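A short write-up of the structure that comes next.
The values are calculated or read from the model by the stated rules, or taken from the named source; none is laboratory data. The model shown is predicted, which means the values in this text are computed figures rather than measured ones. We place every Cβ from the backbone using ideal geometry, glycine too, and count neighbours over all the protein chains shown.
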Amino acid sequence: MLSRADAAIVSRDRHVPGLALLLDDDAFARRLSELAGGTAIRDARGTYVRYKPGTSCLVAYEVQTGDGPCLVYAKAFRPSLEIKLDNAVERHQVVGSLGFGVGIIGDCSVAVYEFPNDHALKSVLKFAHPPDGTWRKKVVGRRPELWSVEPRTLRYKPERRYVARLDGEGESVVVKCYLPSEFDRRLSSAHLLDECRGVAAQELLHASSRHSMLAFRWCRERSLTESIRADQAAPGQYRRVGDAIATLHHQAIEFPCRCDLSGFAQGVIEAADAMADVDQGLGERAMILAERAVDLLTGHAWGHAPIHGDLSPDQVLIGPGGVVRLLDFDRASMADPAVDLGSFEASLIRHGKELGLSGEDVAGAVREMHAGYARQSGRDLRAASRPFAACMLIRLAMEPFRHRSKEWPIRSDAILSVAGELLSDAGVRA
């Protein structure tokens, strides 16, 4: 059944009648079973949501049936957008284990897609079910041992991005599928990183502009997140992370995307607006924090360096001898270096508790990371990065809702509380 917080969203938005269905896992499971001709659905768990008030709502689900797990996503439309619902049924589709491929729940204007059908990422269908043995050659190159293996999905945001791994006898490859409008920037960034000295990143193996897909060599090192969770964080590893970030920031490259102070500030304000779309009280609080953070940054001398743009322990690999490798440069841009430092701190704060880190542990890790950065770059950005960490927390406040966490308002409230504390430390009473 709908949680109280989700029910409040539904009551405010009468323009998207399918919203109540998609935010209620049990109700969706029942309708999915009907759509699948009575197939028993043991569980349907929402894992990702993208909501546009008054227009649409997309939810991705992990579904369990008697035959095993499968991926499904559903999109609810405003009834006046009938053309979008009509266009949801693909001309070319694959019927999966549920038996319908792409289906319509007409009484609430909802389209449902069995993976690998995707309305925007057209190449995912052919990648997962290649029409012939050599189709994948266009994506992974001359690696015949990978042309017919079953892909292992790593990350999937429907109609945005798909990431999978192909395991062959000799090597494993990670394949990323992008929207065509984003592919050229991603390819350019990948080529630039291949030219960097001293920056360990994923090696680009092959690119398919026609299919908007990139293939990278799979990195076998353990992520920093995994090391922390296993309580196997090596001494000095956060210092080495700081070294690696500083090395990236001092590369003589120009990523195609650029972010200035105005654009960064606008992103923080928009994040607060998005919070208000799902919880008015939290949205008002987020907006107060966002406006004060932006005021604090007004006097900041904006830097210009190649940055990762979405740095977190998940994007850091620790190899033999403590060698640090940075992953997933999909949000790479030319911006202020403090964005990366603030992003890493915000992510540690956001996920510290679930990783078994105390507040003191997080504070110590952040100090060590800054020490490594200062040693490598000759610049101490500890004070400068605090308001950036607060901004990134404001942007992360929507994550509990977006990833369908239980009691998401409580989690979002906790994130905003820490953002307020950081702003207070930076000289702003929030």
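Some observations on this one:
- Some residue of region 356-370 being touching a Ser or Thr at 6+ places or on another chain (Cβ under 7 Å) and buried (at least 19 other Cβ atoms within 10 Å of the Cβ): no
- Test: residue in region 140-153 that is closer than 26 Å to residue 62 by Cα and either of a type in the set (Lys, Arg) or at pLDDT 95 or above (or both): yes
- Taking the criterion of being in a loop (DSSP other than H, G, I, E, B) and within 17 Å of residue 72 (Cα to Cα), the residues of region 112-143 that qualify are 115, 116, 117, 118, 119, 120, 121, 122, 129.
- Residues that are under 9 Å from residue 239 (Cβ atoms) and either more than 29 Å from the chain's Cα centre (by Cα) or free of Cβ contacts under 8 Å to residues at least 60 places away in the same chain (or both), drawn from region 364-383: 375
- Of the residues making up region 26-44, those that are touching a residue at least 40 places away in the same chain (Cβ under 8 Å), of a type outside the set (Gly, Ala, Ser) and buried (at least 20 other Cβ atoms within 10 Å of the Cβ) are 28, 31, 32, 35.
- Positions within region 297-336 being buried (at least 18 other Cβ atoms within 10 Å of the Cβ) and over 20 Å from residue 195 (Cα atoms), in sequence order: 297, 310, 311, 312, 313, 318, 336
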